[in-house]
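Single-structure report; data block below.
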Amino acid sequence: MAVITPSYRPDLAGFRRLHASVRRHTDADVKHHVIVPGRDAALYRDMGSDRLVVWTYQDVLPAGLTATDRLAAATRMVPGLPASFNCAAINWRRPWKPVRGWVLQQIVKMCLVDHVEADVFVNIDSDVVLVRRLGPEHVVHGGTVRLYSREDSIGPDMRHYQWAETAHELLGLPWDQADSYPDHIAGLVSWDPRLLRACLDRVEEVSGTSWAPAIAERLRFSEDILYGTYVRAFGSEPDLLFQRDTTLCHSYWESEAMAADQVEPFVAGFKDEDCAVHIQSNTDTDDRVFSAVIERLSGAAPR
């Protein structure tokens, strides 16, 4: 089992908290792989953890894509420049429009399939913290890797709907604008590297080019939806035996910061099978509130 997290300098404090929880709640042989812009690598290597493997974007990106992290950092500081302007990488097949940062983070995560040997990838966002043991038994059953799949969760009024359409296009599947599609996105998601490799091969077959540039051209994309859509459409019967509609991660999805008086109600919603908590970083929740949640749940035995 390998834990994988894309990150960058603004997420460093949250990543430190996540990594400490990975050390505490996973087996000693589990490595935590983090992929960061080259200019940020030293900050992560300075953590000095023997269970942390630091990759830079250029370490893993295939030919045809070049990270431009210094340019991306500079443009974030330009007054008046819209937040939507983002140049995280150049796709030499189609230089304009540049690759957005959040799309690049998804690409580099998938790139690790060519660099990391593991039976299962566990993708954990940097605003997640493990509070209970997370072991292979949670994500592999009878040789099948757990697939998070929640039926009828994506409707036409959600941006996820466009991500589902993109996944269908990349995989050469018919798109019929159904009323709903299954969701595969969570703060903690497991992938079978064998199926991920097959998924990317399928993208290359359909696009007629390397998978990474083909994905980099897209403005609306989710790696979790691509993977989940592939497994459901092309996976064998055994590949589909461990589908679950729960995420192993108790998430706070509200748009505003969690207040101190919301801690107890949130903790009460933590399920027996949950191993982690997730409070979206863009809510700007006070660290003391997040710490209170972690303290209440760390090491908690199933009820």
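The values are calculated or read from the model by the stated rules, or taken from the named source; none is laboratory data. Note that the structure is predicted; figures quoted are calculated from it, not measured. Methodologically, a virtual Cβ is constructed for each residue, glycine included, from the backbone with ideal geometry; neighbour enumeration extends over all protein chains shown. Surface areas here come from the heavy atoms of the whole protein model, side chains and all, with no ligands, DNA or RNA. Shrake-Rupley method; radii C 1.70, N 1.55, O 1.52, S 1.80 Å.
Which residues, counting only those in segment 208-234, are open to solvent by less than 20 Å² (accessible area, probe 1.4 Å) and more than 15 Å from HIS160 (Cβ to Cβ)?
TRP211, ALA212, PRO213, ALA214, ILE215, ALA216, VAL231
Would you call ASP127 over 19 Å from the mean Cα position of the chain (by Cα), at negative phi and in contact (Cβ under 8 Å) with a residue 12 or more places away in the chain?
no
Can you tell me which residues in segment 252-289 are under 24 Å from VAL3 (Cβ atoms) and open to solvent by 40 Å² or more (accessible area, probe 1.4 Å)?
Once the filter is applied, which keeps residues that are under 24 Å from VAL3 (Cβ atoms) and open to solvent by 40 Å² or more (accessible area, probe 1.4 Å), segment 252-289 yields TRP253, LYS271, ASP272, GLU273, GLN280, SER281, ASN282, ASP287.
Does ARG197 qualify as being under 19 Å from the mean Cα position of the chain (by Cα), surrounded by fewer than 23 Cβ atoms within 10 Å (Cβ to Cβ) and touching a residue at least 12 places away in the same chain (Cβ under 8 Å)?
yes
Scan segment 7-52 residue by residue and report those that are under 20 Å from HIS115 (Cα atoms), among the β-branched types (Val, Ile, Thr) and crowded, with 21+ Cβ neighbours inside 10 Å.
Within segment 7-52, VAL34, ILE35, VAL36 qualify.
Assuming THR229 fulfils every condition listed in (1) assigned to a loop (DSSP other than H, G, I, E, B); (2) under 27 Å from VAL60 (Cα atoms); (3) β-branched (Val, Ile, Thr) apart from one, which condition is it?
In the conditions (1) assigned to a loop (DSSP other than H, G, I, E, B); (2) under 27 Å from VAL60 (Cα atoms); (3) β-branched (Val, Ile, Thr), THR229 misses (1) alone.
Consider segment 114-126. How many of its residues are outside any strand (DSSP E or B) and surrounded by 21 or more Cβ atoms within 10 Å (Cβ to Cβ)?
Of the residues in segment 114-126, 2 are outside any strand (DSSP E or B) and surrounded by 21 or more Cβ atoms within 10 Å (Cβ to Cβ).
Looking only at residues in segment 143-184 that are in contact (Cβ under 8 Å) with a residue 60 or more places away in the chain and more than 22 Å from the chain's Cα centre (by Cα), which one is nearest to GLU273 (Cα to Cα)?
Among those residues, the one meeting the criterion is GLY143.
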